[in-house]
Amino acid sequence: MILKYDLNDAVAEAIMTQEPLVLVEAVFDEQLYQKIADTTLETQINVCQVSDFENYEAGCRGVIKAIELLQSKFAEREDNIKLVLGIIDRDIRQFRGELPNLTGLFILKYYSIETYFATRQNLKKLIHHLTNTKSQDVDENVLHFVEQEFPLENLYYLSLEALKNACIENYNGIVSYDEKELPKERQQYLISKIEAKKTELECFALSFGINKNDIKLIAKGKWYLYNFADFSWLQIKQLSDKCKNAEINQCRSCQVQNYKYCRFKLKEKSYPSKNLSQSLLNYIDEQECVDIIEALKKLG
């Protein structure tokens with residue numbers, strides 16, 4: 001029988017080697033946070049999913065339980081707080097009044113980690129990835145076109161419905177946070193069901209003092225990133241025609257009517273939104289991730 005790791009042993013090793021241990025919810029998070037640490041920090045940090053340790057389940061509950069049991073370790077020696085950190089998604093805890101206040105626990109500013117990757121800076125990198133553009137080709141004019149009128153309304157109401165479903169006991173919600181990416185076709189179906197409930201959902205939002213500007217607090221990160229990637233793809237596909245017609249600042253080829261070699265032409269004619277979401281997760285926007293980076297910098 002193969003035994004899981006012992007958390008106390010791992011903490012003792014972190015203290016002995018002075019290499020901080022960061023506990024996260026799942027293997028997906030382990031990769032992302034390790035990438036953020038490796039990209040932005042000078043010190044070495046060991047990121048581990050909590051379920052690799054004996055008696056701890058995957059997810060926020062496992063991380064919270066681990067940090068709760070480590071409170072005595074933090075009290076034992078002041079420097080220990082610099083060697084262990086737990087990180088969890090915000091989820092809906094603030095709306096349930098369940099935000100834990102524990103030494104050594106960091107809670108994200110958004111519903112979940114994926115939302116941190118849906119940014120203008122990462123969009124620029126995505127355009128470079130999908131086209132043959134150089135840095136100077138993707139200027140503010142191009143980014144503005146791709147970003148303009150990012151459609152949030154449907155996602156906002158779907159997220160409100162999921163939030164209400166999670167917060168109100170016995171509420172028979174049309175959508176829940178258990179759904180993953182929420183592809184466009186699924187969203188359209190759900191919105192048709194929610195249409196008659198919009199006024200009711202707006203009243204629910206008012207009870208929490210939230211509106212469309214707070215969508216990153218209530219939209220599941222996978223939903224938000226998927227929508228960002230899907231809409232961006234629709235816009236990016238138009239860039240070559242926009243360049244040819246001088247509706248954006250033209251690339252060098254289009255300036256001399258060498259349209260066949262437009263820098264904004266796509267390398268691939270199709271690209272599933274799920275794949276684009278995965279591409280965006282490869283880019284670290286340090287300005288957006290500043291809260292995470294600052295929490296990690298306190299370690300070591």
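The values are calculated or read from the model by the stated rules, or taken from the named source; none is laboratory data. What you see is a predicted model; the values in this text were computed from it and never measured. Backbone-built Cβ (ideal geometry, glycine too); neighbour counts: all protein chains shown.
Worth a mention:
- Hey, ILE293 part of a helix (DSSP H, G or I), in the same structural domain as ALA14 (by TED's automatic domain parsing) and among the aliphatic types (A, V, I, L, M) or not: yes
- Of ILE113, ILE107, ILE88, all but one fail to be closer than 25 Å to LEU276 by Cβ and crowded, with 18+ Cβ neighbours inside 10 Å; the exception is ILE113.
- Any hit, region 67-79, residues being aliphatic (A, V, I, L, M), at pLDDT 95 or above and surrounded by 22 or more Cβ atoms within 10 Å (Cβ to Cβ): yes
- Top-ranked residue of region 37-58 - restricted to ones that are in contact with a Gly (Cβ under 7 Å, 6 or more places away or on another chain) and either more than 20 Å from ILE292 (Cα to Cα) or modelled with pLDDT of 95 or more (or both), ranked as surrounded by the fewest Cβ atoms within 10 Å (Cβ to Cβ): SER51
- Between LEU85, LEU21, LEU70, the distinction of being touching a Cys at 6+ places or on another chain (Cβ under 7 Å) and of a type in the set (A, V, I, L, M) belongs to LEU21 only.
- Boolean, SER253 is exposed (fewer than 15 other Cβ atoms within 10 Å of the Cβ) and in a helix (DSSP H, G or I): no
- Where LYS197 falls short, out of the listed (1) basic (Lys, Arg); (2) at pLDDT 95 or above; (3) more than 20 Å from the chain's Cα centre (by Cα): (2)
- Of all the listed residues (GLN235, GLN250), the sole one being polar (S, T, N, Q) and out of contact with any Phe, Trp or Tyr (no Cβ under 7 Å at 6 or more places or on another chain) is GLN250.
- When TYR156 is tested against the conditions (1) hydroxyl-bearing (Ser, Thr, Tyr); (2) in the same structural domain as LYS274 (by TED's automatic domain parsing); (3) touching a Leu at 6+ places or on another chain (Cβ under 7 Å), the lone failure is (3).
- Residue list for region 261-273, restricted to those being surrounded by fewer than 16 Cβ atoms within 10 Å (Cβ to Cβ) and either of a type in the set (Gly, Ala, Ser) or at pLDDT below 95 (or both): LYS267, GLU268, LYS269, SER270, PRO272
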